[in-house]
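Structure first, commentary second.
The values are calculated or read from the model by the stated rules, or taken from the named source; none is laboratory data. Bear in mind that the values here come from a model prediction, so they are computed numbers and not experimental data. Neighbour counts run over all protein chains shown; Cβ positions are idealised from the backbone, glycine included.
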Amino acid sequence: MKSPTLKSGIIIMPQILKTAILIFIIINVTYGQFDTKTLSVSGSMSWQRNYIEGEETISILSFVPTLGYFFKENLSINAIFDTYLYTYPKKWGGDPDLEIGIGVGLKYFYHYFYGGSSFLFHKWNNLEARHNLLFEA
């Protein structure tokens, strides 16, 4: 039996996973206010498969854990650690590539929303390091 997919090749999440994510979001929104001297652990993980004209080209697995410390009420300083694994089709003949990064950021939380900025330093193979400035809300 073939898995249901969208035309872009993104696999549709099972209903159970969607429900678990929704419950997780509701719980986090309920407890969204942070006191001084509170530690937080967060982050993201994603997997992406890219296609060109129906043919698979590259897959990217990312893992981005974040550690935060609230030095003022609802204001945190964060340490961010990025890891990206790039895999290529066998016919390209290349080995997987690993990109790693580290960064620091600030986030301000207000009721159910937050805004912030981060500065990241990335290194990929033997290439020159690059820097990113991110804004998020």
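For region 23-43, which positions are assigned to a helix (DSSP H, G or I) and either at pLDDT 75 or above or of a type in the set (Val, Ile, Thr) (or both)?
ILE23, ILE25, ILE26, ILE27, VAL29, THR30
Cβ-Cβ distance below 9 Å, separation of 6 or more or different chains: which pairs start in region 73-91 with a residue that is farther than 23 Å from ALA129 by Cα and in contact (Cβ under 8 Å) with a residue 40 or more places away in the chain and end on one that is part of a strand (DSSP E or B) and among the small types (Gly, Ala, Ser)?
Short answer, once both residue conditions are applied: SER76/SER40; SER76/GLY68; SER76/GLY105; SER76/GLY116.
Out of ILE100, ILE58, ILE52, which single residue is over 23 Å from PHE24 (Cβ atoms), modelled with pLDDT under 90 and in contact with a Ser or Thr (Cβ under 9 Å, 6 or more places away or on another chain)?
One residue alone meets the criteria, ILE58.
If you scan region 31-69, which residues turn out to be in contact (Cβ under 8 Å) with a residue 40 or more places away in the chain and not hydroxyl-bearing (Ser, Thr, Tyr)?
GLY32, GLN33, PHE34, ARG49, ASN50, GLU56
Do we find that THR66 is within 24 Å of ILE21 (Cβ to Cβ), hydroxyl-bearing (Ser, Thr, Tyr), modelled with pLDDT of 90 or more and loosely packed, with under 15 Cβ neighbours inside 10 Å in this structure? Steps first, answer last, please.
Numbers: within 24 Å of ILE21 (Cβ to Cβ): yes; hydroxyl-bearing (Ser, Thr, Tyr): yes; modelled with pLDDT of 90 or more: yes; loosely packed, with under 15 Cβ neighbours inside 10 Å: no.
So THR66 does not fit the description; no.
Can you pull out every residue in region 43-57 that is surrounded by 12 or more Cβ atoms within 10 Å (Cβ to Cβ) and either among the acidic types (Asp, Glu) or touching a helix residue (DSSP H, G or I) at 6+ places or on another chain (Cβ under 9 Å) (or both)?
GLU56, THR57
I'd like the full set of residues that are within 20 Å of LEU67 (Cα to Cα), of a type in the set (D, E, K, R) and surrounded by 12 or more Cβ atoms within 10 Å (Cβ to Cβ), limited to region 83-137.
Correct list: GLU99, LYS107.
Out of the residues in region 10-22 that are surrounded by 10 or more Cβ atoms within 10 Å (Cβ to Cβ) and farther than 29 Å from HIS111 by Cβ, which is modelled with the highest pLDDT?
Ranking the qualifying residues of region 10-22, first place goes to PRO14.
Pull out all pairs, ordered by first then second residue, where Cβ-Cβ is under 8 Å, the residues are six or more apart or on different chains, the first lies in region 111-131 and is more than 23 Å from PHE34 (Cβ to Cβ) and modelled with pLDDT under 90, and the second is in a strand (DSSP E or B) and of a type in the set (Gly, Ala, Ser).
HIS122/GLY101; LYS123/GLY101
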